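Since the structure comes first, as structure tokens, the remarks are kept for the end.
The values are calculated or read from the model by the stated rules, or taken from the named source; none is laboratory data. None of these values were measured; they are calculated from a predicted model. Every residue, glycine as well, gets a Cβ built from its backbone with ideal geometry; the counts of neighbours run over all protein chains shown. What goes into the accessible areas is simple: the full protein's heavy atoms, side chains included, and nothing from ligands, DNA or RNA. Shrake-Rupley method; radii C 1.70, N 1.55, O 1.52, S 1.80 Å.
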Amino acid sequence: MVRQVASAAESSKKVRVLVTDSLHPAGWELLKSEGAMVDQLPDGRRDDLFAYAARVDALVIRTATKVTRELLAAAPSVKVVGRAGAGVDNVDVAAAGERGVVVVNAPEANAVSAAEHAFGLMLSVARGIARVDRELKQQRWPRAVPLGVELAGRTLGIVGFGRVGQRVAVRARAFEMAVLVNDPVIDTGAVASIGVEVVPDIERLLGRSDCLTVHVPLDAETRGLIGARELSLLPPGALVINCARGGIIDEQALLVALDSRAVGGAGIDVFETEPLTDFDLAGHPCVVATPHLGASTEAAKERVGIEIARNVLDALRKASSVDLG
């Protein structure tokens, strides 16, 4: 049962917000300072999510919580769902719209951390850093390993030229890479200021990309966007990076391409199933893998907490039937 309030009168003055996953203390403090009552779904009580959600006005979630049509039906008082992060693929947005539930997220807050992580994976894959680190930790001196590749002078293809994609492009240009971008909506100002080439045809972009990184949301159009055919268009030995969402790149197709050496290496932070149950891709010797850590820096978590708290509060204020006191 959700924590009881002091009195019915007090309860009527404050909206209730349920945090189902982790949230930075700065986000908690902002919610409470504006008059909201904030509860946390206890560890190990995920089976009770429906019961907790039935008592609140807003949900604040991260990746672990799936806001389904069934959950929304069981939570008639919920007016706002706040996704503490960029993507909302774990929210049934259509069902929320039918119910009049507002879905908000924090699209700006973790862009720098995600871009840095993507570029860090690219560097690690290009130079074999993770592989030789493992050798050293086993007290071996792996000087006779295959040589890595330089990024300078190589071409990076970026599919998705939004907040994260643009920041990756800035870092790639600093490393003296040529950058190609593909996006249905292009920020012409960013194109000019960063110095990238727009390639509207994704197949032409793939054919010219020594490295490929994807920065698009996961939806019906982007699921399986990079499959066996697309991977075959890359130059031999190309590097593939995914710090966006699992499912954008076909994992089995990527595994086949790695085994055949058609793809030279991959850096993967996100997977189709999380937590992982099949470790074949993550365990591949040519893969550097991390467990969805792209936004996991202290600075990003604080910014996400504050941004989502503000967005949830703004949405609640616009709901005529709630009162923040």
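Things worth noting here:
- Most positive-pole-ward Cα, 155, 54, 86, against dipole of region 54-159 from beta carbon charges: 155
- For region 244-308, fraction of C-alpha pairs farther apart than 16 Å, in %: 51
- Accessible carbon and sulfur surface of the chain relative to its total accessible area, %, 1.4 Å: 53
- Residue 241 long-range amide H proximity, modeled H, under 5 Å: 212, 213, 214, 267
- Listed peptides 196-203, 17-24, 251-258 by packing density, highest first (mean Cβ within 10 Å): 17-24, 251-258, 196-203
- Cα lying deepest toward the dipole's positive end in region 213-325, options 264, 309, 215, charges on Cβ: 309
- The alpha-carbon atoms of the chain, seen along their principal axes, cover 72, 49, 31 angstrom, with the largest extent given first.
- Highest mean packing comes first when the peptides 55-61, 277-283, 37-43, 300-306 are listed by Cβ atoms within 10 Å, giving 55-61, 300-306, 37-43, 277-283.
- The largest-to-smallest principal axis extents of the Cα set in region 45-136 are 55, 28, 18 Å.
- Considering region 144-231 at the alpha-carbon level, its Rg and Dmax are found to be 13.4, 46 Å.
- Charge-dipole axis of region 44-181 as Lys and Arg at +1 and Asp and Glu at -1 on Cβ define it, positive-most pick from 107, 124, 170: 124
- Note on the chain: lysine pairs with Cα distance below 25 Å, sequence gap of 8 or more or different chains, count 15.
- At the residue level, residue 250 shows approximately 60 square angstrom of accessible surface with a 1.4 angstrom probe and all protein chains present.
- Dividing the Cα radius of gyration of region 91-197 by 2.2 N^0.38 Å, with N the residue count, gives 1.47.
- Placing unit charges on the Cβ atoms only, positive for Lys and Arg and negative for Asp and Glu, gives region 192-248 a dipole magnitude near 120 debye about its Cα centre.
- Sorting the segments 73-81, 182-190 by their residues' average number of neighbouring beta-carbon atoms within 10 angstrom, most packed first, yields 73-81, 182-190.
- Note on the chain: with charges restricted to the Cβ of Lys and Arg (+1) and Asp and Glu (-1), its dipole about the Cα centre is near 560 debye.
- Cut-off 15 Å between beta-carbons: net charge of the residues surrounding residue 166, Lys and Arg +1, Asp and Glu -1: -1
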